[in-house]
Structure formats: structure tokens, C-alpha cells
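The values are calculated or read from the model by the stated rules, or taken from the named source; none is laboratory data. Being a predicted model, the structure only gives us computed values, none of them experimental. Cβ placement follows ideal geometry from the backbone for every residue including glycine, while neighbour counts extend to all protein chains displayed.
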């Protein structure tokens, strides 16, 4: 006798003949919130909200210099708005970021219209510039806060249609904006950027822009020009910025980066010939670029917060925070060098 077929349900409640993984269920649920305004509004009532003030995220001190990203219940946010003289319905302006593994929707809301100090006092936290936040947040929270800020900034800068000049209107999730006069739908965009760590086999090349904090060096990076491939961008940027000709490229990974206006960072390692490794910096592009040894880079990776040196001292070398893909490139290079030395 045949056993009855067991039908399992996925997050969208459609019967399937196999079970959905937790990840698939979560992604389908998240997509449902993006396309169904009523479902998104219902999820907001039981979801969590991360607050920003003029694009600076609200953080709370945890311990030993580490901060956490507090997630408030929607009712808590409504209470804050009401106490500060704002309509509780303002919470509906929250933008969907993601959802937890328990399928609890996560939103972000910019309360820049409210008194910053009053909100900080009520939430027992502090609004922190995003660049600084990357140095004090736990690794898993940094991508979340970056995504929230990028979405909020995109909405603030895309209130009008570039074709008609008429106001655009967002859906409930904030995943798109629509111009009713011509039907054009706008989606959040990222600008592709190639970021590369150049090595001559024993040293790695790091550069700095004048806008960088004192003493910080990073991998070279540049925006992709229209019509370029990633490889062409990498070859061109290295040639323009430091006057070197790349011989080979190895892909490492990618990352969303919220600066300056949401970038999509594609990271690679590149090699140049040791015989042709003389750096010729284009100072219109970079303030400085130089070769660093394994020991220098290893010591720089140990610095987890920006050093505070008096201006008269030679600044200590340090690199971008752990969350930045430039940091990952540097760590990969260090590991490769260590393995190479161990194999000798």
C-alpha cells in the first residue's frame, strides 16, 4: 500500500513537493514584502526598526568600546514620535532592509526632523557617523547598517522623476519609486568600482587620498567607465594612479559600499613585475602611494581603531576596518605571504 504524499508548505504558502530551505523561505518572504504593500505594512507592525538621524545610525554602547545596533519595536518608535509631537503614522515611511532568520522584517527610518538629543536620550544611544560606526560595530551588523543608510539616501535624492520632473512615489517597502505621469519605475542603484591590491611578489602597494584619515592607506580603487570591463578598469586605474603595468589579475570577492553614493566594489589581487615596480604617483588622483613590507602590513592589521597621534609625529600606518573589502584583500595577501614563507 502506497503512503499518502506528504505536502509541505513554503513561506509563500504554496504547496511544494519538497521542503524549502530556511534561506529559500526567507528570500521568498522578503520578496513578497517588496511586491505586496499590504503584506509589508502588516510586517512593519511586528517588525523591528533601526533609527537614523540625517543618515547617521543610532548605536548603543555594549562593552569594551564595542557598540550595537539597537532594533526598536514599531510601537516603541510610534511612542517616540508621539512624545516629540510627530504623527505616529510617520513610522510608515520606514524602508524595508531585510528580515531575520526568524522571518521578522527589519526596517530603517530617518528621524532627521526630530530633535537629535531628545531621541538619543529616549533610546539611551547616540547617532554616529557611518564611517566611525564601522570601527565600533560587530561584523554582522555593519552590512545591515550600511544597507539601511544607502536606501535612505537613495530615497532622499530621488524624489522627482529625471524625465518629467514630477514627484516619484515609493512602494511600501521602499524597493522602488514610480513616476505616475509616465510610468517610469526607478530602482536603487550602485556604481561599479574596481578595487585592487597590487603586489610585486614580496611587497604590497597601498595608497591614500587626501580625504583619508591621517595615516590610513588602502588598496587602489576606481569607478568603471562606461563600456569598460572590470579587467580594463583595473589595468587603467593602476596605470593612471601609480604608473604601473599589471601583469595578472585574480578575483577575490565583492561588496556593497555605501560611499560616496552607494558603490558595488569588485575586489581583485594584481601582480606587477619586480623589475618594473617603481611607483610614479599621479597626485591629482592620490596624495601618496608606496610599497609596504609584510611586517609593516601585519602590524597595521592589528590596529582596530584609528590611532590618535599628535600632528607633529609621524603617523602610524593603519588600514580600513574589518568590514571593508580592502581589509579582506590585505589579510588575504598577508596569508599568502606567510604560506609562501612557510613553504620555503
**Prompt:** Out of (1) in the same structural domain as residue 30 (by TED's automatic domain parsing); (2) farther than 19 Å from residue 127 by Cβ, the odd one out for residue 146 is which?
**Reply:** (2)
**Asked** Restricting attention to segment 326-341, does a residue exist that is out of contact with any helix residue (DSSP H, G or I) (no Cβ under 8 Å at 6 or more places or on another chain), more than 18 Å from residue 201 (Cβ to Cβ) and not assigned by TED's automatic domain parsing to the domain that holds residue 135?
**Response** yes
**Item:** Selected residue (criterion: surrounded by the most Cβ atoms within 10 Å (Cβ to Cβ)) from residues of segment 210-224 that are over 13 Å from residue 320 (Cβ atoms) and in contact with a helix residue (DSSP H, G or I) (Cβ under 7 Å, 6 or more places away or on another chain)
**Value:** 224
**Complete:** Of (1) over 30 Å from residue 45 (Cα atoms); (2) in contact (Cβ under 8 Å) with a residue 60 or more places away in the chain; (3) not assigned by TED's automatic domain parsing to the domain that holds residue 330, residue 181 fails just (2)
**Fill in**
A careful count of residues in segment 178-190 that are in contact with a strand residue (DSSP E or B) (Cβ under 8 Å, 6 or more places away or on another chain) and surrounded by 13 or more Cβ atoms within 10 Å (Cβ to Cβ) gives 5
**Item:** Check on residue 255, touching a helix residue (DSSP H, G or I) at 6+ places or on another chain (Cβ under 7 Å), within 22 Å of residue 192 (Cα to Cα) and touching a residue at least 12 places away in the same chain (Cβ under 8 Å)
**Value:** yes
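Results for (1) touching a helix residue (DSSP H, G or I) at 6+ places or on another chain (Cβ under 6 Å); (2) surrounded by 15 or more Cβ atoms within 10 Å (Cβ to Cβ); (3) in a loop (DSSP other than H, G, I, E, B), shown as yes or no for each residue.
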{"residue": "90", "(1), (2), (3)": "yes, yes, no"}
{"residue": "101", "(1), (2), (3)": "no, no, yes"}
{"residue": "108", "(1), (2), (3)": "yes, yes, no"}
{"residue": "114", "(1), (2), (3)": "no, yes, yes"}
{"residue": "117", "(1), (2), (3)": "no, no, no"}
{"residue": "132", "(1), (2), (3)": "no, yes, no"}
**Message:** Can you go through 51, 41, 30 and tell me which one is surrounded by 18 or more Cβ atoms within 10 Å (Cβ to Cβ), modelled with pLDDT of 95 or more and touching a helix residue (DSSP H, G or I) at 6+ places or on another chain (Cβ under 9 Å)?
**Reply:** 51
**Single residue of 148, 165, 207 found to be in a helix (DSSP H, G or I) and either surrounded by fewer than 19 Cβ atoms within 10 Å (Cβ to Cβ) or under 23 Å from the mean Cα position of the chain (by Cα) (or both)** = 148
**Message:** Looking only at segment 62-82, filter to residues that are touching a strand residue (DSSP E or B) at 6+ places or on another chain (Cβ under 7 Å) and either farther than 22 Å from residue 105 by Cβ or free of Cβ contacts under 8 Å to residues at least 12 places away in the same chain (or both); which one of those is surrounded by the fewest Cβ atoms within 10 Å (Cβ to Cβ)?
**Reply:** 62
**Asked** Can you name every residue in segment 266-280 that is touching a residue at least 40 places away in the same chain (Cβ under 8 Å) and either over 18 Å from residue 333 (Cα atoms) or not assigned by TED's automatic domain parsing to the domain that holds residue 232 (or both)?
**Response** 279
**Request:** State yes or no: is residue 139 part of a loop (DSSP other than H, G, I, E, B) and assigned by TED's automatic domain parsing to the domain that holds residue 66?
**Result:** yes
**Complete:** In segment 191-204, anything more than 22 Å from residue 322 (Cα to Cα) and surrounded by 14 or more Cβ atoms within 10 Å (Cβ to Cβ) is listed as 200
**Item:** Yes/no for residue 262 being touching a residue at least 40 places away in the same chain (Cβ under 8 Å) and at positive phi
**Value:** yes
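Residue-wise test of (1) closer than 26 Å to residue 142 by Cβ; (2) modelled with pLDDT of 95 or more.
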{"residue": "265", "(1), (2)": "yes, yes"}
{"residue": "281", "(1), (2)": "no, yes"}
{"residue": "290", "(1), (2)": "no, yes"}
{"residue": "308", "(1), (2)": "yes, no"}
{"residue": "312", "(1), (2)": "no, no"}
{"residue": "319", "(1), (2)": "yes, yes"}
{"residue": "330", "(1), (2)": "yes, yes"}
{"residue": "340", "(1), (2)": "no, no"}
**Prompt:** Exactly one of (1) under 20 Å from the mean Cα position of the chain (by Cα); (2) within 17 Å of residue 70 (Cα to Cα); (3) touching a residue at least 24 places away in the same chain (Cβ under 8 Å); (4) surrounded by 13 or more Cβ atoms within 10 Å (Cβ to Cβ) is unmet by residue 175. Its number?
**Reply:** (2)
